[in-house]
Amino acid sequence: MSNVFEQYEKKNEFLVCVDSDGCAMDTMEIKHRRCFAPEMIKTWNLTEREDYILNLWYDLNLYTKTRGINRFKGLAETFKIISKEGVEIEDLDSILNWVETTNELSNNSLLREIEKTDSKGLKMTHEWSLNVNKSIEELPKGDEPFEGVSEGLEALSKKVDVAVVSSANGEALNDEWGRHDYIKFLTALLGQEAGTKQHCIAELKKKGYDTDNVLMVGDAPGDLQAAQKNDVRYYPILVGKEKFSWDRLVNEAVPKLMNGTFDEEYQNKLIKEFNDSLK
Ligand SMILES: [Mg+2]
């Protein structure tokens, strides 16, 4: 874990950290619409109120303040709501209990819990999660970056250090960012193996950047939190307005960061806009 930071080389005085999924790469819509949600319908056979449940899933994972939450938390939230609406989920208590109490929301931790409890609900959750991974792997590899990202990264990399800070797995990140030949624009490509986003920003700051010279760019409330915990500035890529957001990042926000006018008023305006974009 430490190695990646030991080898890091600071090149400029300013650092822009960029999230990947839903921020630079247009991968969230397709993953939720083609993988997470349909696999949930299949695994729990929720065909009877399918449209309602699908839309609830999209809202929770894409369009509201919970955008970008962990898959198991998303599942638990969805099930809590639909069970109140009369949709029965077998062994729901085991699922909710695990999600609320585990210290690691992962397939491996789920398997350990299944060994202990032999719970049907958890077995289905595990099956769903594996099927989601499989269907994500099978997605066609198209042109995933948002419009404006290519030019944006190129322009930024001439003035500032650009580091990807993501909670996706490192291999997938290398594959995606490598396939589009974007790695040349970066000083680091950090995935979940490097630690949480908050941790990664903290480690990068130690490389000699002034706190006022660091900006986190993200699309979800978790990105904002990671920035705030490190006292660095935050710039939102707004859902549905990604091209506009990237253009403004390059033409307005980063210039402001560099000339010292990215002040509290500007920051508050951006955060308000971000909060308003998520229901
Ligand atoms: Mg994201």
For segment 246-279, which positions are surrounded by 13 or more Cβ atoms within 10 Å (Cβ to Cβ) and touching a residue at least 60 places away in the same chain (Cβ under 8 Å)?
246, 247, 249, 250, 254, 257, 258, 275, 278
Filter segment 225-245 down to residues that are more than 17 Å from residue 15 (Cβ to Cβ) and either outside the structural domain of residue 269 (by TED's automatic domain parsing) or surrounded by fewer than 24 Cβ atoms within 10 Å (Cβ to Cβ) (or both), then give me how many there are.
8
I'm trying to understand the selection: among the residues of segment 145-178, which are charged (D, E, K, R) and buried (at least 18 other Cβ atoms within 10 Å of the Cβ)?
161, 176
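With the condition kept exactly as written, say whether any residue in segment 137-146 is within 30 Å of residue 243 (Cβ to Cβ), touching a strand residue (DSSP E or B) at 6+ places or on another chain (Cβ under 9 Å) and at pLDDT 95 or above. Spell out how you get there, then give the answer.
Pass one, segment 137-146, residues within 30 Å of residue 243 (Cβ to Cβ): 137-146.
Still in the list and also touching a strand residue (DSSP E or B) at 6+ places or on another chain (Cβ under 9 Å): 144-146.
From what is left, the residues that are at pLDDT 95 or above are 145-146.
Yes, segment 137-146 contains a residue that is within 30 Å of residue 243 (Cβ to Cβ), touching a strand residue (DSSP E or B) at 6+ places or on another chain (Cβ under 9 Å) and at pLDDT 95 or above.
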Looking at 65, 73 in this structure, which one is within 14 Å of the chain's Cα centre (by Cα), without any contact (Cβ under 8 Å) to a residue 40 or more places away in the chain and either over 20 Å from residue 125 (Cβ atoms) or away from the ligand (no atom under 14 Å from the Cβ) (or both)?
73
In segment 158-266, which helices (runs of 4 or more DSSP H) lie fully inside it and hold 2 or more residues that are within 16 Å of the ligand (Cβ to nearest atom)?
170-179, 197-205, 221-229, 242-248
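Rundown of residues vs (1) in contact (Cβ under 8 Å) with a residue 40 or more places away in the chain; (2) buried (at least 19 other Cβ atoms within 10 Å of the Cβ); (3) away from the ligand (no atom under 16 Å from the Cβ); (4) of a type in the set (Val, Ile, Thr), yes/no style:
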position	(1), (2), (3), (4)
15	yes, yes, yes, no
21	yes, yes, no, no
24	yes, yes, no, no
27	yes, yes, no, yes
42	yes, no, yes, no
45	no, no, yes, no
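With assigned to a loop (DSSP other than H, G, I, E, B), crowded, with 16+ Cβ neighbours inside 10 Å and of a type in the set (A, V, I, L, M) as the only criterion, which of 89, 114 stands out? Give the derivation first.
Details: 114 fails: assigned to a loop (DSSP other than H, G, I, E, B).
Just one listed residue meets the conditions, 89.
The values are calculated or read from the model by the stated rules, or taken from the named source; none is laboratory data. None of these values were measured; they are calculated from a predicted model. All Cβ positions, even for glycine, are placed from backbone atoms using ideal geometry, and neighbour counts span all protein chains on display.
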